[in-house]
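The values are calculated or read from the model by the stated rules, or taken from the named source; none is laboratory data. Keep in mind it's a predicted model, so treat the numbers as computed, not measured. Quick reminder, even Gly has a Cβ in these numbers, built from the backbone with ideal geometry, and neighbours come from all protein chains shown.
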Amino acid sequence: MSKLNLNLYKKLYLIRRTEKTIIENYNDDEMRTPMHISMGEEAIAAGICQALRAKDQIFGTYRSRAFYLAKTGETDKFFAEIYGKATGGAKGKAGAMHMAAPELGFMEASAIVGSIIPVAVGAAFANKRNKNGKMVVVYFGDGAIDEGCFWESLNVACLMKLPILFVCEDNKIAAYTPTFKRHGYKSITDIVSKFNCNVFQKETTDAELIYKLSCKAIKSIKTTQRPSFLYLKYYRYLEHVGINEDFDQSGRSREEFEKWYKKDPVNLQRKKLLKSGIKEKKVVALEEEIDNQVKNSLKLAQKAPFAKISEVYKDVFSEKT
């Protein structure tokens with residue numbers, strides 16, 4: 001089990017170290033994109049991505065740093081993209097809200113709430129038709145279930161028995177609007193369970209538990225030939241967009257934050273590693289390796305050139321009139 005815990009911690013620490021580096025450099029005003037920080041949700045991304053194979057596909061939202069890093073493990077193109085440089089995955093044209101690395105299984109992220117869900121369902125349909133065995137994971141915040149496209153997509157996926165895992169990350173607040181002001185019902189899982197899909201839920205910051213639940217959800221897709229819906233609760237540490245706290249703006253309390261931080265996903269997994277018998281010296285060496293990776297990627301991004309003006313006309317699709 002220590003090997004699993006080690007792999008999970010690598011993902012968790014990479015996410016945390018990368019976002020801390022973003023925060024440390026964000027006020028230099030050289031990053032060409034808004035930032036929706038993932039701190040607090042790392043266990044979800046690490047646990048789910050650990051359960052996936054290299055060929056499986058992920059579709060996500062504007063808050064995609066955690067899933068992108070957990071799935072790809074790469075940081076060179078990542079930092080170049082948020083600095084708007086030519087060496088970025090989209091040559092600086094996508095920014096942080098539209099990250100993509102399809103060659104590594106992170107297919108696309110979208111800044112429009114709920115919009116990526118039908119795209120992911122389309123990919124699942126294509127995978128089923130092509131019989132390539134690829135699994136699709138689409139994750140979204142609880143605010144996305146207020147969109148009609150979620151229900152339409154869920155219905156189609158259940159009707160067509162598609163190989164897709166829907167992941168709802170619920171932090172009880174959509175931007176700055178709490179759940180009780182948006183939902184005319186008590187339980188999303190009760191409603192989704194009425195569809196022909198498998199429903200799983202958990203409230204935990206333990207990446208290992210999320211990994212095991214994800215494995216169960218994915219296995220059920222294969223054995224029942226039905227989609228799965230995974231409902232997970234977490235706490236967003238920082239403001240909706242930006243690098244600051246937002247207790248005043250969101251109405252959330254510092255006491256609630258401190259309650260969640262006591263079970264911080266990164267700290268929790270580190271303690272489990274040491275308890276499993278892995279020497280702290282080995283853990284520190286792993287952390288230093290990741291620190292150096294992130295530091296080098298940051299330097300490369302800062303030194304990299306911007307794309308030429310002509311690049312703005314490339315990779316753009318339009319109809320002639």
Only one of Lys259, Lys272 that is closer than 30 Å to Asn171 by Cβ, without any contact (Cβ under 8 Å) to a residue 12 or more places away in the chain and of a type outside the set (Ser, Thr, Tyr): Lys259
Whichever residue in the stretch 264-288 is in a helix (DSSP H, G or I) and in contact with a Ser or Thr (Cβ under 8 Å, 6 or more places away or on another chain) and, among such residues, is nearest to Asn7 (Cα to Cα): Leu273
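Results for (1) surrounded by fewer than 18 Cβ atoms within 10 Å (Cβ to Cβ); (2) closer than 29 Å to Val138 by Cβ; (3) aromatic (Phe, Trp, Tyr), shown as yes or no for each residue.
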{"residue": "Leu209", "(1), (2), (3)": "yes, yes, no"}
{"residue": "Leu230", "(1), (2), (3)": "no, yes, no"}
{"residue": "Lys262", "(1), (2), (3)": "yes, no, no"}
{"residue": "Gly277", "(1), (2), (3)": "yes, no, no"}
{"residue": "Val283", "(1), (2), (3)": "yes, no, no"}
Qualifying residue in the stretch 37-58 (condition: modelled with pLDDT of 95 or more and in contact with a Pro (Cβ under 7 Å, 6 or more places away or on another chain)): yes
Failed item, numbered, when Tyr68 is tested on (1) in a helix (DSSP H, G or I); (2) aromatic (Phe, Trp, Tyr); (3) out of contact with any Phe, Trp or Tyr (no Cβ under 6 Å at 6 or more places or on another chain): (3)
Test: residue in the stretch 112-128 that is over 17 Å from Ser153 (Cα atoms) and either surrounded by 20 or more Cβ atoms within 10 Å (Cβ to Cβ) or at pLDDT below 95 (or both): no
Test result for Thr189, polar (S, T, N, Q) and in contact with a Pro (Cβ under 8 Å, 6 or more places away or on another chain): no
Phe78 being within 27 Å of Pro305 (Cα to Cα), in contact with a strand residue (DSSP E or B) (Cβ under 6 Å, 6 or more places away or on another chain), touching a residue at least 60 places away in the same chain (Cβ under 8 Å) and part of a helix (DSSP H, G or I): no
Qualifying positions in the stretch 187-207 - hydroxyl-bearing (Ser, Thr, Tyr) and surrounded by 19 or more Cβ atoms within 10 Å (Cβ to Cβ): Thr205
Residue within the stretch 50-63 that is in a helix (DSSP H, G or I), out of contact with any strand residue (DSSP E or B) (no Cβ under 7 Å at 6 or more places or on another chain) and surrounded by 24 or more Cβ atoms within 10 Å (Cβ to Cβ) present: no
Search result, residues across the stretch 81-112 that are of a type in the set (A, V, I, L, M, F, W, C) and in contact (Cβ under 8 Å) with a residue 60 or more places away in the chain: Ile82, Ala86, Ala90, Ala96, Met97
Candidate set: the stretch 20-42, residues that are out of contact with any helix residue (DSSP H, G or I) (no Cβ under 6 Å at 6 or more places or on another chain) and assigned to a helix (DSSP H, G or I); chosen: the one nearest to Ala80 (Cα to Cα): Ile22
Exclusive hit being closer than 23 Å to Gly105 by Cβ, assigned to a helix (DSSP H, G or I) and without any contact (Cβ under 8 Å) to a residue 40 or more places away in the chain, set Lys3, Lys11: Lys3
Cβ pairs under 6 Å, 6+ apart, first in the stretch 181-205 and farther than 25 Å from Ile221 by Cβ, second at pLDDT below 95: Arg182/Asp146
Residue, nearest to the chain's Cα centre (by Cα), within the stretch 131-189, restricted to residues that are under 21 Å from Trp260 (Cβ atoms) and of a type in the set (Asp, Glu): Glu169
